[in-house]
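The values are calculated or read from the model by the stated rules, or taken from the named source; none is laboratory data. Keep in mind it's a predicted model, so treat the numbers as computed, not measured. As a convention, Cβ positions derive from the backbone with ideal geometry for all residues, glycine included, and neighbour counts pool all protein chains shown. Surface areas here come from the heavy atoms of the whole protein model, side chains and all, with no ligands, DNA or RNA. Shrake-Rupley method; radii C 1.70, N 1.55, O 1.52, S 1.80 Å.
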Amino acid sequence: MRRHDREMNRDFALYVVDKCEYAVMAMTDTDGAPYCLPITIARDGSSVYFHSAKAGHKIDILRNSPDICLACVGDTNRPEDKFTTEFESAVIRGKAEEITDHNEMIHALRLICQRHSPSNMHEFDDAISRSLERTGVWKINIEEITGKRKKYDKNGEEMKFGRME
């Protein structure tokens, strides 16, 4: 990380992972070309889960080359009196692993649904019974995580080196 003065600790990075609306996953295609796309995630310990179709370009890439980079963005703000953006972000590097155990798949999907659709959990069991066989579930094992933030305090001073309010 070039701007170490904006680096945040692991707990802060995990906090951003847990609150981001979505993440962008980057991979490398078989011909060496970059490929990225947004995914909906939920974290459990040192693992991040996402769901997908069981086939497609992303799945082909992950099965051939599971190394990924995941970018998560938390809160942002553009102060009207500055030419900048306040932000918080986390970057994860790891390996994606396809989950085939039905119990772990249901666990992962429950985490994703609880996080992103908590008011609809009464429909979860019916949805699982209808769609589990056609749903792909993947786990990213976190090998490295970094957090970064640019934020100003109430006096307009940038908070450096992981400083919290």
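Where in the stretch 10-103 are there strands (runs of 3 or more DSSP E), lying wholly inside it, with at least 3 residues that are open to solvent by 20 Å² or more (accessible area, probe 1.4 Å), in contact with a Ser or Thr (Cβ under 9 Å, 6 or more places away or on another chain) and over 27 Å from E133 (Cα atoms)?
In the stretch 10-103, the matching strands (runs of 3 or more DSSP E) lie at 67-77, 86-99.
So which pairs qualify, if the first residue must be in the stretch 107-126 and under 16 Å from V137 (Cα atoms), the second must be basic (K, R) and open to solvent by 50 Å² or more (accessible area, probe 1.4 Å), the Cβ gap must be under 7 Å, and the two must be at least 6 apart or on different chains?
Pairs that qualify, where the first residue is under 16 Å from V137 (Cα atoms) and the partner is basic (K, R) and open to solvent by 50 Å² or more (accessible area, probe 1.4 Å), are F124/R110.
Considering (1) modelled with pLDDT of 95 or more; (2) closer than 27 Å to K151 by Cα, say which one E80 fails and leave the rest.
Of the numbered conditions (1) modelled with pLDDT of 95 or more; (2) closer than 27 Å to K151 by Cα, the odd one out for E80 is (1).
What tally of residues in the stretch 104-132 results from selecting those that are closer than 30 Å to I61 by Cα, open to solvent by less than 80 Å² (accessible area, probe 1.4 Å) and in a helix (DSSP H, G or I)?
16
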